[in-house]
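A short write-up of the structure that comes next.
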Amino acid sequence: MRRVAWIYITSVLLSALALSAVAFIHRPVASPSVWIFLILTLIAALMRIVHIVAPNHRSYEGSTIAFVAGILILPSWLFVLQILISQGIEWIWVRMREPGSLRAWYLQPFNMAKCIIGGILAKLVGTLFMQIPQAAYYLQDLMIVLLMLIVYVAANQLLLGLALFLARGISFREAGIFRDAILLEFPLACIGYVANELFNLSPITVIFVLAPLVLIYQAFMLPKVQDEAMKALENMNQNLSEANQSIQRLNEELFHTLAKVFDMRDPYVGGHAAQVAVYAVAIATEMGLPPERIELVRESAYLHDIGKLSIPEVILHKPGRLTRTEYEFVKKHSDIGADLLTSTQGLQHLAQFIRHHHERWDGGGYPAGLAGEEIPLESRILNLCDSVETMASDRPYHRAMSYVAIMDEVRRCAGTQFDPAVAEAFIRLIQQHGPTFVVNSARSVTQQYTASLLANESLYQNMFTWVSLLESSG
């Protein structure tokens, strides 16, 4: 803590000590009943112990009510004792329950000192006007009481605000000094005066002060309840977000796994579905589709050939030209795939895109012969991407085409096989990225397969060498 803050705190403590000494030296002969003093002191201690911790480490309690009643009812020296005993009880209680919350030795003495200074200054204001009014039956008496309350609240808040500023650099506004003084401390001080009035009327009527006290503590609880509710909501949102991410990861793994399942049936088309998804997402993004539709395109691309699981391998892997009957059988895969997804609740929203991904812009496709914008946009994108991926990759019946030849073919088929807008988006992408945009997925798979075979061949050769050596040594 800075040196100026130590000087300030020491000055406040010494000032409170000096004022307390004067109060004890000049204490009056007549004093109120000791029971009144004890009741006010215990109420103040209880209110300080039963405090509400709100967000941002703010603490609320109602001891101002008992202290203001003590200012108006008790002589100065008993008021000083009320402060020392009630806050001393609080200090002991906190030390026992929360040893780490009041680590600095000067915190509680400073709280005592500012209350003593504020209370004695308020009493001095009343003394300047000849006497502290016991009942504000006249406007002049009421004005004196209001001035005393303002002095007490202002002294406490200003002393606290200056300590926070010098010790921690916290401004009055950041600490909420003026807000608390107007909205919290002064209303509590007014209730303290009401308690004094009820006591003068009849000591037993003071119990009616409990009603506003209950309401006050309920109000104190609101920020805490709201903060706890917000934290609970944030935790719930975080849990939902984590659960959603887990579901998304599972979905991602599901699509990759399903795509690999039917791609693995033919080593020449390994990675076909994944590459179609890459093209489809790029085109959908280029066309300005919203993220949710781009995701539909991506998911559909992974599953667009799922219906081929029902096609016999003898037809699927036939290197030559298919017969008419075989071709008609292969054409069924789009309907089969769509029907399969329709029966799966989590994937049925993709069924229409799978069903129509072989429709042509001119109406010459299958299975329904849709034309133009009758075909879902997602299906039109899949149609082009499926064709491009086939053109770009090696197959048993043809070699991969160059990216220039692919671009020319897409231009030629725009308006007949392909949606012109989709074709134009693909042309823009291939012009932007060049040859790297088009990937020969079959060649990369073949390279991996060849590498695996070479590794196995090397392993077999090593095994054969070891066997030969063992035989010759034998």
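Which stretch or stretches of region 63-77 have amide N atoms under 20 Å from the point lying 7 Å from Leu142's Cα along the Cα→Cβ direction? Hits in region 63-77 for Leu142 at 20 Å: 69, 72.
At a Förster radius of 30 Å, what calculated FRET efficiency corresponds to the Cβ-Cβ distance of Glu98 and Ser15, to the nearest 0.05?
Details: r = 29 Å, r/R0 = 0.97.
After rounding to 0.05, the efficiency reads 0.55.
For Ile39 and His26 in the same chain, what is the full-extension length gain: residue separation times 0.36 nm, less their Cα-Cα distance, in nm? Intermediate values should be presented prior to the final figure.
Working: separation 13, 0.36 × 13 = 4.68 nm, distance 2.38 nm.
Answer, rounded to one decimal: 2.3 nm.
Checking the a/c ratio against 1.5 first, then a/b against b/c, what shape does the Cα gyration tensor give for region 1-89?
Oblate is the answer for region 1-89, as a/c is 1.5 or above yet b/c matches or exceeds a/b.
Our coupling estimate for region 41-48, obtained by passing each phi through the Karplus curve with A = 6.51, B = -1.76, C = 1.60 and θ = phi - 60°, is 5, 5, 4, 4, 5, 4, 5, 6 Hz, Gly and Pro reported as x.
Rounded to the nearest whole Hz, the Karplus-based 3J(HN,Hα) values (6.51 cos²θ - 1.76 cosθ + 1.60, θ = phi - 60°) of region 357-370 follow the sequence 6, 10, 6, 9, 4, 8, x, x, x, 9, x, 9, x, 5, with x at glycine and proline.
Full extension of the chain between Gln348 and Ser202 yields a length gain of 44.7 nm, computed as 0.36 nm times the residue separation minus the alpha carbon distance.
Which of the peptides 83-94, 276-287 is most tightly packed, and how do the rest follow, judged by the mean count of other Cβ atoms within 10 Å per residue?
On the way: 83-94: 18.4, 276-287: 21.9.
So the peptides 83-94, 276-287, ranked by packing, come out 276-287, 83-94.
Shown is the FRET efficiency for Asp362 and Asn237, computed with R0 = 41 Å from the Cβ-Cβ distance and rounded to the nearest 0.05: 0.25.
Taking label points 7 Å from Cα along the Cα-to-Cβ direction, Thr416 and Leu84 give a separation of 10.6 nm.
For region 335-443, run through the trypsin sites (Lys or Arg not before Pro) and keep only the ones in DSSP coil with at most 15 other Cβ atoms within 10 Å of their Cβ. Kindly include the intermediate steps, with their values, before the conclusion.
Numbers: sites: Arg355, Arg360, Arg380, Arg399, Arg411, Arg412, Arg428, Arg443; in loops: Arg360, Arg399.
The qualifying sites are Arg399.
Rule-based calculations on the coordinates, nothing more; no lab input. Note that the coordinates shown come from a computational prediction; the quantities given were computed from them, not determined experimentally. Glycine gets a Cβ as well: all are built from the backbone with ideal geometry, and neighbour counts include every protein chain shown.
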